[in-house]
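Undergrad: Got a structure for you, written out below as structure tokens; questions coming shortly.
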Amino acid sequence: MPNNSARFSLGIVRTHMRKLFSFKTRVGTFYITEHNERFHPVFDDESLGSYATAEQAAEDLAGGHTFSISGGIDSSTLGIPEDVSEWERLQS
């Protein structure tokens, strides 16, 4: 499960977040970002948790085990892969 103390809007710290991976779904694009050596699944500029590895972030997002997504979206129904190697790797 995500670290509860890490939920925040990326609008405030956007310049410090580094987008590493993206995955497009029917509701929009999800990202895995890195900030302060922690990995965050992100949707619509909102961090959905904080994880020790990008793999853990992808697994929880794929299984619907992150913080709630605005609009009642269930990430487990979007076909998001658990394996981060199936995500698009972004230039850093």
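Laboratory data are not the source of any read-out in this text; all were calculated from the coordinates shown. Just so it is clear, the structure is predicted and the values come from calculations on it, not from any experiment. Neighbour counts are summed over all protein chains in view; Cβ atoms, including those assigned to glycine, are modelled from backbone coordinates with ideal geometry.
Undergrad: Using packing as a proxy for protection, rank 57-68, 21-32 so that the peptide with the highest average count of other Cβ atoms within 10 Å comes first. Don't skip to the end; give the middle numbers.
TA: Working: 57-68: 20.2, 21-32: 16.8.
The peptides rank, most packed first, as 57-68, 21-32.
Undergrad: Given R₀ = 25 Å, what would the calculated FRET efficiency be for R89 paired with S68, taking r from the Cβ atoms and rounding to 0.05? Don't jump to the answer; show the numbers that get you there.
TA: Numbers: r = 27 Å, r/R0 = 1.09.
Between R89 and S68 the formula returns 0.35.
Undergrad: Right, something else. Let's test this: bin the Cα-Cα distances of the stretch 4-89 at 5 Å from zero up to the farthest pair and state each bin's percent.
TA: 3, 16, 32, 28, 16, 5, 0
Undergrad: Whose amide H sits under 5 Å from the amide H of E46, counting only residues 5 or more places off or on another chain, with H placed in the peptide plane?
TA: The answer is L10.
Undergrad: Now a separate question. Starting from the Cα of E82, step 7 Å along the direction of its Cβ; do the same at E55; then give the gap between the two resulting points in nm.
TA: So the two model labels end up 1.2 nm from each other.
Undergrad: List the residues, sorted by chain then number, that are 5 or more residues from L20 or on another chain and whose placed amide H is less than 5 Å from its amide H.
TA: Distant-sequence amide H within range of L20: I32, T33, E34.
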